[in-house]
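The values are calculated or read from the model by the stated rules, or taken from the named source; none is laboratory data. Note that the structure is predicted; figures quoted are calculated from it, not measured. Virtual Cβ from ideal backbone geometry, glycine too; neighbours counted across all protein chains shown. In case anyone asks, the SASA skips ligands and DNA or RNA and just uses the protein heavy atoms, side chains included. Shrake-Rupley method; radii C 1.70, N 1.55, O 1.52, S 1.80 Å.
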Amino acid sequence: MSVSAQEAHYGFAERWLPRLVLAPSFLLTLVFLYGFILWNGYLSFTVSRLMPNLEWAGLAQYQVLFENERWWVAVKNLFIFAGLFIGSGMAIGIGLAIFLDQKIRGEGVLRTIYLYPMALSFVVTGTAWKWMLNPGLGLEKLMHDWGFTQFTFDWLVNSDMSIYTVVIAGVWQSSGFVMALFLAGLRGVDDSILKAAQIDGASLPRIYWKIILPALRPVFFSTLMILSHIAIKSFDLVMALTGGGPGFSSDVPATFMYAMAFTRGQMGVGAASSMMMLATVAALVVPYLYSELRVKKNGK
C-alpha cells in the first residue's frame, strides 16, 4: 500500500471511527428519550385511558387536568416544596461552605459527613425520614419515652403539614451537595482580593457579602438550575416518605402523573400532566442555556 493510500485510510478512520462508536448511543438516546417524549406528547392529545388509544381528542385531556382539584394541590405543593427546598438548601449549603472555607481543623472529616447524604438515593432518604418522623416509632415516641409526654410532632400524618416533611428530607440530602459546589467556588477566589479588602479594614462578613458571594454568581445560577430540576421531577422521595398522603395532601406533579397514568387508568391525563412538567423544566433551562451560549459567544 502506497504512502498516500495509507494516509487516506488513516484519515477516513480518524474521521468516521468516532462517529461510528457514538452512533449506537446517539440512536438509542434519540429513540428512547426524544422519541418517547414525542410519543407522550401525542398521547396527551388522545382519549387514552388504561391503554394507548390513538383517537384524537384535541385539548380535552388538558381541560380535564386543569379541572382536577388534585392537580392544583400538586402544583401548590410543588411551589411550597421548590421554594423551601431551594431556598433552605442554598442557605444551609452556603453557610457550611463558608464555615469550611475558614481552614478549620478536621475539614476533611466534616466535608465527608456533610456530603454523605448525597451518596444515598432519595428512596433511602425518604424511608429513613419516614421512620424518624413516624409518631409511633420516631422522634415523638422518643420524646415521650424521655418523659416529655406533651411533645407532639405528627407532621407525617397531618394533611396540612405533610409536604413540609418532604422539604426537611430534601434539604437534609441536598445541602451537602450545595456546600460542595460553593466551597469549590470559594477556593477559586483570588486571595489577593481578600487581602486587599482586609487591608482596607473590611470585616470578614462584609468581605463575603460584598465581594466573594457576588463573584460566585455562576455557581448560584448553576445550583439554582440543578435544585429546580430536582424539585420539579421529585418523585421517589415523596413516594418513599409520604406516598403522596395522607390522601393526596403531599402530591406533587410527578406523583400525580404516576397515579393518573398507572393506577387510575387515565393515561391521557397523566401524559398531559407530564407535558406540563416538561414545559416547566424547559421554561427554566432554555433561558439559562441561551444566556450561557450568548456569554460564550460574546466572550469569543
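Given the residues ALA57, ALA74, ALA91, which is the only one that is small (Gly, Ala, Ser) and over 22 Å from MET257 (Cα atoms)?
ALA91
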task = Might you let me know whether segment 218-233 holds any residue that is within 30 Å of MET51 (Cβ to Cβ) and outside any loop (DSSP other than H, G, I, E, B)?
result = yes
ask   = Looking at segment 146-163, is at least one residue in a helix (DSSP H, G or I), surrounded by 16 or more Cβ atoms within 10 Å (Cβ to Cβ), among the hydroxyl-bearing types (Ser, Thr, Tyr) and under 15 Å from the mean Cα position of the chain (by Cα)?
value = no
request  = Give just the number: which of (1) part of a helix (DSSP H, G or I); (2) surrounded by 14 or more Cβ atoms within 10 Å (Cβ to Cβ) does GLN198 not satisfy?
outcome  = (2)
request  = Starting from segment 132-161, take each residue that is within 27 Å of VAL73 (Cα to Cα) and list its partners that are loosely packed, with under 12 Cβ neighbours inside 10 Å, counting only C-beta distances under 9 angstrom and pairs at least six apart or across chains.
outcome  = SER159/GLY247
key: Long-range neighbours under 7 Å by Cβ, at least six apart or interchain, first residue over 20 Å from LEU278 (Cα atoms) within segment 27-52, second open to solvent by 60 Å² or more (accessible area, probe 1.4 Å) and not basic (Lys, Arg)   = VAL47/ASN53; VAL47/GLU55
message = Conditions first: (1) part of a loop (DSSP other than H, G, I, E, B); (2) in contact with a helix residue (DSSP H, G or I) (Cβ under 9 Å, 6 or more places away or on another chain). ARG70 passes all but one, so which condition is the exception?
response = (1)
inquiry  = Kindly evaluate ALA128 against the criterion of being free of Cβ contacts under 8 Å to residues at least 60 places away in the same chain, open to solvent by less than 80 Å² (accessible area, probe 1.4 Å) and either in a helix (DSSP H, G or I) or not small (Gly, Ala, Ser) (or both).
reply    = yes
request  = Select, from LEU84, LEU78, the only residue that is open to solvent by 50 Å² or more (accessible area, probe 1.4 Å), within 18 Å of ALA254 (Cβ to Cβ) and in contact (Cβ under 8 Å) with a residue 24 or more places away in the chain.
outcome  = LEU84
